[in-house]
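Notes for the one structure printed next.
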Amino acid sequence: MLNHRLIDPPREPEKFVKAAITFLQKHAKDKKVFCALSGGIDSSATYLLLKEANINTIPVFIDHGLMRIIREVEEREDIKKLFPEVMVVDIRDKFLPKIFGEEDAEVKRKLFKDAYSDTISKVIKEEKCDLLSDGTILPDIEESFGVKISDLKETMSLKEEISLKNKNIRGFVKSQHNLDIEYEVEATVQPVASLTKPEVRKVLEYFKMPNELVYRKAFPGPALSARIIGPVTSENLKFEKKVHDIVESTINDYYTEKFGKPMIINDKGEQEPFQAFAATTTDVLLREVTGMINGQRTYE
């Protein structure tokens with residue numbers, strides 16, 4: 001299996017989109033593409049680029065039960081509002097029993113990666129897809145391979161990539177759920193592999209996507225299992241979903257009221273940490289969470 005990545009494209013959104021279209025038509029024209037669409041900004045930008053390039057694409061949302069709630073709505077329902085054509089594959093009943101009780105962060109990542117790749121492989125086979133595309137971005141590449149993206153070629157085999165990773169093991173930060181996996185496809189195509197989060201947001205703005213998506217907070221690949229300290233259980237997963245939603249929605253409301261949008265990107269293109277501005281929301285969050293713990297908040 002080969003991996004195709006768009007390396008060092010122009011950063012200005014309009015020029016980037018043109019370069020991405022050329023890249024996708026070069027590697028995916030007349031092919032059927034499975035697109036892993038998680039609801040986050042990276043995979044959403046990937047899917048929009050595939051559509052813009054007129055590539056035959058099947059967008060798939062894998063519901064493993066660990067995704068967040070967005071303003072009391074499950075993420076799988078939220079993404080269907082943005083992309084009604086998305087295929088939802090529900091693996092909760094099979095996956096959650098495997099991860100319940102696990103507390104080691106890297107083991108959680110491996111369990112998630114296995115479930116993610118197994119589900120993708122199944123759908124690829126059923127839908128007879130030729131290629132796979134996902135929202136792999138610059139930090140994913142550099143954290144997993146321990147190298148700069150400029151050290152990669154546009155097209156590499158999985159064997160070449162593993163060899164590169166092994167040579168630079170000191171630079172390894174953490175494994176990713178969407179890298180180092182062999183699928184029964186000709187290749188993967190990763191049009192946003194060279195972009196950072198702020199650059200992906202500019203692409204979404206270029207496509208005139210709503211602010212609720214453009215400024216959506218980053219979310220880890222292994223989802224809420226990465227944000228649960230210690231073992232994952234049915235009880236703390238349900239609790240974490242509620243708390244996560246309260247925190248994100250409160251911060252978003254505060255930012256929107258104070259600055260007109262739910263996230264601040266400074267003149268260096270970096271996301272300002274919300275802690276610097278949202279100290280006044282602490283009491284609100286504490287009251288919300290405490291009330292929920294004491295059963296005083298209705299949140300279903």
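The values are calculated or read from the model by the stated rules, or taken from the named source; none is laboratory data. The shown structure was predicted, so the numbers you read here are calculated from the model rather than taken from an experiment. Backbone-built Cβ (ideal geometry, glycine too); neighbour counts: all protein chains shown. Surface accessibility is based on the protein's heavy atoms, side chains included, excluding ligands, DNA and RNA. Shrake-Rupley method; radii C 1.70, N 1.55, O 1.52, S 1.80 Å.
Looking only at residues of the range 131-153 that are open to solvent by 50 Å² or more (accessible area, probe 1.4 Å) and assigned to a loop (DSSP other than H, G, I, E, B), we find that the one that is modelled with the highest pLDDT is LYS153. For the range 239-253: of the residues being open to solvent by 40 Å² or more (accessible area, probe 1.4 Å) and over 21 Å from the mean Cα position of the chain (by Cα), which is farthest from PHE95 (Cα to Cα)? Only one residue fits best here, namely ASP253.
If the condition is being touching a residue at least 24 places away in the same chain (Cβ under 8 Å) and open to solvent by less than 40 Å² (accessible area, probe 1.4 Å), then the range 208-231 contributes MET209, LEU213, VAL214, TYR215, ARG216, LYS217, GLY221, PRO222, ALA223, LEU224, SER225, GLY230.
Do you know which of the residues in the range 154-189 that are polar (S, T, N, Q) and assigned to a helix (DSSP H, G or I) is modelled with the highest pLDDT? Before you say what the answer is, go through the steps one by one.
Going residue by residue through the range 154-189, those that are polar (S, T, N, Q) are 155, 157, 163, 166, 168, 175-176, 178, 188.
Then drop every residue that is not assigned to a helix (DSSP H, G or I), which leaves 163, 166.
Details: SER163: 81, ASN166: 75.
That would be SER163.
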